[in-house]
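To start, the structure itself, in structure tokens.
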Amino acid sequence: MEMMMAEEARNGTAVKEFILEGFPAAEHLGVLFFLVHLLAYLASLMGNMLIITITCQDQRLQTPMYFFLSSFSFVECCFITTVIPQLLAIFLSGRQRISFVACFTQAFVFLFLGATVFFLLAVLSLDRYLAICKPLHYPTIMSPRMCFFLVAVCLVLGFLFMAVPVAMLSQSFYCGPNVIPHFFCDFGPLANLSCSETRSIEMLFFNLALIVLFATLFIAIFAYSNIVVTIVRLPSARERQKAFSTCSSHLIVLSLMFGSCVFIYVKPKQSSRLDTNREAALVNTVVTPLLNPVIYTLRNKQVHQALRDALSRVILHR
């Protein structure tokens, strides 16, 4: 038996596909959950695409902040599209089969885009810090070239941080079982199903996740603590209210995303709390992407004006 397993390990993993379990306790509510999550998914896509569209079309919104927000919206659209169609299929027709390669590809793309989102949140924090605390230097520092460079750095860092642990885990041996207690292929459930010793890979992933989350959190805390000090010193109450309104929106998004990700990923042993990870993952993949367009820009007066102008142009053309 051991010789057979050794031979299989040399030739490749014994498991050729995985089964995504989804939410077996809620199978009787599958159609209802399908409709709710489909509406949430479409609303997220429409909200984020609206931000990208009006940022490109309205000259008043072609500033560094809205460039970063539109980049954030694009990455978020890709991020949710990685997993939500799979979730909808599970609600509609139960357990879903996914090939070994497709499963690890999904896990990598999800983690890569997720890490990129956090780096972009850090960049947004720095952008607000420079705009409010260093207004005279802001136009010089945040040039178009610098904006493109920062977005590219976020993508490269997201790729580099997540490629290594996922690639290492994909090389481990899977002999069964092959049922993933989740609605998509995530690092923790895949590490738990491996028949190989994955402790070193899990520790590597834990350390990298820790760096991504707490480095971006540190940047956000540094930026917003300085912003609060600057806001308090502003002479005009209206200026204070405007600055605080913008920053409070960003802080709500940061709190939602950091809270759920710390719960899911910041633990040395990825097999712990797998059952509750599914619910926590819904916050990142359904709730936060739905709220982000509203929290970040759709409650912003500049965006309201841009939308009104766009609507007026459409009516006039008719």
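Observations
- Any hit, the stretch 49-71, residues being modelled with pLDDT under 90, open to solvent by less than 60 Å² (accessible area, probe 1.4 Å), on the phi < 0 side of the Ramachandran plot and among the small types (Gly, Ala, Ser): no
- Residue that is surrounded by the fewest Cβ atoms within 10 Å (Cβ to Cβ) [pool: residues in the stretch 277-300 that are over 20 Å from Phe118 (Cβ atoms) and modelled with pLDDT under 70]: Arg299
- Tally, over the stretch 26-43, of residues that are touching a residue at least 24 places away in the same chain (Cβ under 8 Å) and open to solvent by 80 Å² or more (accessible area, probe 1.4 Å): 2
- Restricted to the stretch 182-276, the set of helices (runs of 4 or more DSSP H) holding at least 1 residues that are at pLDDT 90 or above and surrounded by 14 or more Cβ atoms within 10 Å (Cβ to Cβ) comprises 187-193, 199-233.
- Applying the criterion of being in contact with a helix residue (DSSP H, G or I) (Cβ under 7 Å, 6 or more places away or on another chain) and open to solvent by 20 Å² or more (accessible area, probe 1.4 Å) to the residues of the stretch 114-136, the residue that is nearest to Asn178 (Cα to Cα) is Phe119.
- Counted residues, the stretch 151-168 - those being open to solvent by less than 40 Å² (accessible area, probe 1.4 Å) and more than 18 Å from Leu210 (Cα to Cα): 1
The values are calculated or read from the model by the stated rules, or taken from the named source; none is laboratory data. The structure presented is a predicted model; accordingly, all values stated were derived computationally and were not measured. Positions of Cβ are generated from backbone atoms using ideal geometry, with glycine treated the same way; all protein chains shown enter the neighbour counts. Surface areas here come from the heavy atoms of the whole protein model, side chains and all, with no ligands, DNA or RNA. Shrake-Rupley method; radii C 1.70, N 1.55, O 1.52, S 1.80 Å.
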